[in-house]
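Worksheet: one structure, shown below.
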Amino acid sequence: HIEGKGIVTQDAGGLAQKGGATWSHVLIAASASDIHTTRVGMAAADLIIGCDPIVTASPETVLRMGAGRTQVALNAHSTPTAAFVKDAQWPNPAQACMAEIMQTVGQSGVSSFDADAVATRLMGDSIYTNPLMLGYAWQKGWVPLARASLMRAIELNAVAVDQNKAAFEWGCQAAHRWDSVARLLSPGQIVDFKKRESLDHLIERRVEFLTGYQNAAYAERYRAFALKVKQAEEAIKPKLRLTEAVARNLFKLMAYKDEYEVARLHTDPAFLARIQNQFEGDFKLNYHLAPPFMSPRNSEGELQKRKFGPYMLTTFKLLARLKRLRGTTFDVLGRTEERREERALLAEYQASLDEVLATLSPANHGAALEIARLPERIAGFGHVKARNIKATRGVWVELMARFRASVS
């Protein structure tokens with residue numbers, strides 16, 4: 001409007017695609033009379049600003065692309081879809097999406113970078129990804145509007161004006177001088193080469209964590225079991241893959257995130273310092289929790305979260321000091337079905353491994369490794385975790401039966 005051009009826009013929602021994906025069709029012409037539709041036609045897009053690879057590679061978008069015509073400015077960062085909640089093994093299809101887009105418009109028609117990382121690192125919030133992508137596309141020469149017009153539009157919108165202008169400029173820099181922007185994102189990583197973490201260091205880091213999680217005795221139980229597996233595996237294999245799997249997964253089962261641990265993590269001074277550094281001005285923290293004794297349940301009997309105010313930090317500080325009660329007679333919070341299940345799972349895992357170690361050999365080492373990695377399938381919390389445990393138990397029974405058959 002500032003430049004006197006014709007303009008038609010239409011926002012289209014696709015709730016089934018990505019739990020809230022939106023396409024904005026923008027048509028610009030010398031005059032309004034030159035525009036005869038409200039949406040970009042098939043294979044008729046001159047520019048697609050793709051803020052997410054999954055949405056950009058969806059049929060709704062790809063049908064608008066035309067080889068030799070369409071330019072795609074693409075944010076390479078892909079946000080997991082709702083499928084990730086139900087499938088812990090969900091593979092992020094970002095690379096496949098990128099390949100499909102390139103196949104449609106050609107490699108020269110796609111320019112991409114991780115706009116989320118740039119916005120978060122340089123602007124402090126990924127919410128500025130969109131104006132950053134606009135600046136990127138404009139610098140490439142793909143937006144038929146003057147910079148002054150875009151800046152004035154940001155001013156007229158009157159929302160975070162300075163920040164949106166800055167995001168636009170960073171987008172321009174990303175398009176024009178990407179090497180300089182990349183150095184700002186990770187200046188130390190250009191020359192920082194790290195060796196792969198040794199198995200001993202992996203175990204000791206977890207011993208340190210479990211000492212803070214519970215106490216030194218609890219951590220020593222972890223170390224002793226891991227070293228027992230190491231001793232058994234060293235006798236038959238030079239590469240200690242089984243020991244590493246146990247070190248990771250035994251730790252996962254021992255460090256289950258109960259109410260005491262949630263409180264400890266939320267009151268960690270380092271965490272609170274990061275929160276203070278991330279936000280400015282007068283802000284308050286709210287906590288979304290589902291205490292088992294006072295939370296409502298849905299029609300399927302699953303606990304529903306409620307919002308609690310900043311006063312919960314005081315409660316967390318008290319609760320964190322009560323971690324010594326974990327697993328004792330006085331552990332009232334540990335009497336719920338979920339906590340009993342977590343303790344039982346740990347005992348079952350150790351019992352299974354004890355059985356495995358008793359007859360471990362080069363011939364059944366692969367089957368033992370599969371058993372050791374079973375906890376990797378158990379993700380989430382509450383009813384999500386319960387569902388994954390139930391599914392994993394079926395596989396667990398099958399793997400143990402197969403292992404016993406291999407040694408009989």
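The values are calculated or read from the model by the stated rules, or taken from the named source; none is laboratory data. All of these numbers come straight from a predicted model, not from anything done at the bench. Cβ coordinates were reconstructed from backbone atoms using ideal geometry, including for glycine residues, and neighbour counts include every protein chain displayed. Remember, those area values only see protein heavy atoms, side chains included, never the ligands or the DNA or RNA. Shrake-Rupley method; radii C 1.70, N 1.55, O 1.52, S 1.80 Å.
Hey, can you rank 314-327, 394-407, 371-384 by average C-beta count inside 10 Å, highest first?
Values: 314-327: 15.4, 394-407: 13.9, 371-384: 17.9.
Order by mean packing, descending: 371-384, 314-327, 394-407.
So which chymotrypsin sites (Phe, Trp or Tyr not before Pro) in the stretch 235-287 are both in a DSSP loop and have at most 13 other Cβ atoms within 10 Å of their Cβ?
PHE279, PHE283
If each DSSP helix of 4+ residues adds -39,500 (n - 2.57) and the sum is divided by the residues in the chain, what number results at 222 nm, nearest 500 deg cm²/dmol?
Calculated at 222 nm, the ellipticity per residue is -15500 deg cm²/dmol.
Sort 28-36, 332-340, 128-136 by packing, meaning the average of other beta carbons within 10 Å per residue, with the highest value first. Can you show the working numbers first?
Working: 28-36: 11.8, 332-340: 13.9, 128-136: 24.7.
Answer by packing, highest mean first, reads 128-136, 332-340, 28-36.
With just the Cα atoms of the stretch 278-394, tell me how far they stretch along each of the three principal axes, in Å, largest first.
Here the Cα extents, ordered largest to smallest, are 62, 35, 32 Å.
Roll a 1.4 angstrom probe over the protein heavy atoms and tell me the percent of accessible area of the stretch 323-408 that is carbon or sulfur.
57 percent
Convex hull over the Cα atoms of the stretch 111-180, averaged projected area in nm²?
Values: hull surface 17.5 nm².
For the Cα atoms of the stretch 111-180, the hull's average projected area reads 4.4 nm².
For the stretch 126-187, with all protein chains present and a 1.4 Å probe, just round the carbon and sulfur fraction of the accessible area to a whole percent.
Taking all protein chains in place, the stretch 126-187 shows 53 percent carbon and sulfur surface.
Which of ASP179, ASP282, ASP11 moves most in a GNM of the chain, Cα contacts under 10 Å?
Maximum fluctuation in the GNM of the chain, among the listed residues, is at ASP282.
Helix 161-176 against the longest principal axis of the chain: what's the angle in degrees, Cα atoms only, rounded to the nearest 10?
The two axes meet at around 90 degrees.
At 1.4 Å probe radius, can you tell me the per residue accessible area of the stretch 197-291 in Å²?
55 Å²
Roughly how many debye, to the nearest 20, is the charge dipole of the stretch 176-313 about its Cα centre, given +1 on each Lys and Arg Cβ, -1 on each Asp and Glu Cβ, and no other charges? Don't jump to the answer; show the numbers that get you there.
Numbers: 24 positive and 18 negative charges, 70 e Å.
The dipole of the stretch 176-313 has a size of about 340 debye.
Within the stretch 179-273, list the trypsin sites (Lys or Arg not before Pro) lying in a DSSP loop whose Cβ has at most 14 other Cβ atoms in a 10 Å radius.
Taking the stretch 179-273 and a limit of 14 other Cβ atoms within 10 Å, the loop trypsin sites (Lys or Arg not before Pro) found are LYS194, LYS195, ARG196, LYS239, LYS257.
Average the reciprocal distances over every distinct pair of alpha-carbons in the stretch 132-248, invert the result, and give the Kirkwood radius in Å. Don't skip to the answer; put the middle values down first.
Working: mean 1/r = 0.0522 Å⁻¹.
Evaluated over the stretch 132-248, this radius sits at 19.2 Å.
Given Cα pairs under 8 Å that are at least 6 residues apart, what percent is the relative contact order of the chain?
Working: 479 pairs, mean separation 39.3, N = 408.
Relative contact order for the chain comes out at 10 percent.
On a 29 Å Cα-Cα criterion, which of the cross-link pairs LYS230/LYS252; LYS284/LYS390; LYS284/LYS305; LYS140/LYS284; LYS257/LYS284; LYS5/LYS140 come out too long? Could the numbers behind the result be given before it?
Working: LYS230/LYS252 18 Å; LYS284/LYS390 38 Å; LYS284/LYS305 19 Å; LYS140/LYS284 41 Å; LYS257/LYS284 24 Å; LYS5/LYS140 21 Å.
LYS284/LYS390; LYS140/LYS284, as the Cα separations exceed 29 Å there.
Å³ per residue of the Cα convex hull, for the stretch 40-81?
Numbers: hull volume 2.5 nm³, N = 42.
Taking only Cα atoms, the stretch 40-81 has a hull volume of 60 Å³ per residue.
Using only the Cα atoms of the chain, what semi-axes does the equivalent ellipsoid have when each is the square root of 5 times a gyration tensor eigenvalue? Give whole Å, largest first. The partial results should precede the final answer.
Details: eigenvalues 487, 147, 98 Å².
Whole-Å semi-axes of the equivalent ellipsoid: 49, 27, 22.
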